[in-house]
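K.L.:
Got a structure for you, questions after.
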Amino acid sequence: MFYDGNVPKDAPWAPPIVRLGDTTTAHLLAWEFVEVTGSWEAWISWVREAGGRPQHKVVSVRAERLLPLEHPDAYDRVPRRVRGLDGVIRPWSGEIS
């Protein structure tokens, strides 16, 4: 089957892609609101080659550092959570306390 760039309707969900800096393209795994700083972070994941071996990277970065590369609707399903003042992570309720 020839891939034409369109995702089939029955394809499983995959995290949307974002750009970090000039060279890193990554999957956006989750948004995280950090109550201590009042800022949004983004958990991203990518694979890079180093020494001839693939290395999987998972990091948290400030959300404002990312450039979305897909249609805005692609980001609607990305999980959101809150890291509370007590350090406990909980689901995002849609409101910032």
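Values in this text are rule-based calculations from the coordinates and carry no lab data. Owing to the predicted nature of the structure, the values given are computational and were not obtained by experimental measurement. Glycine also receives a Cβ, built like all others from the backbone with ideal geometry; neighbour counts cover every protein chain displayed.
K.L.:
In segment 62-92, what trypsin sites (Lys or Arg not before Pro) fall in a loop by DSSP, with at most 16 other Cβ atoms inside 10 Å? Don't jump to the answer; show the numbers that get you there.
P.N.:
Details: sites: 62, 65, 77, 80, 81, 83; in loops: 77.
Those satisfying the criteria are 77.
K.L.:
Follow-up question, since we're still on this one. Give me the extension gain from residue 93 to residue 34: residue separation times 0.36 nm, minus the current Cα-Cα distance, reported in nm with one decimal. Before the final figure, lay out the partial values.
P.N.:
Details: separation 59, 0.36 × 59 = 21.24 nm, distance 1.37 nm.
So the extension gain works out to 19.9 nm.
K.L.:
Give me the dipole magnitude in Debye, nearest 20, for the chain about the Cα centre, with unit charges on the beta carbon: positive for Lys and Arg, negative for Asp and Glu.
P.N.:
Numbers: 12 positive and 13 negative charges, 64 e Å.
Result for the chain is approximately 300 debye, rounded to the nearest 20.
K.L.:
Between beta-carbons, use under 13 Å as the cut-off and find the net charge around residue 65, counting Lys and Arg +1, Asp and Glu -1. Before the final figure, lay out each step's value.
P.N.:
On the way: positive: 19, 62; negative: 22, 41, 64.
Net of charged neighbours comes to -1.
K.L.:
Please find the FRET efficiency linking residue 60 to residue 22, where r is the Cβ-Cβ separation and R0 is fixed at 22 Å, and quote it to the nearest 0.05.
P.N.:
Numbers: r = 20 Å, r/R0 = 0.91.
Efficiency, from the Cβ-Cβ distance: 0.65.
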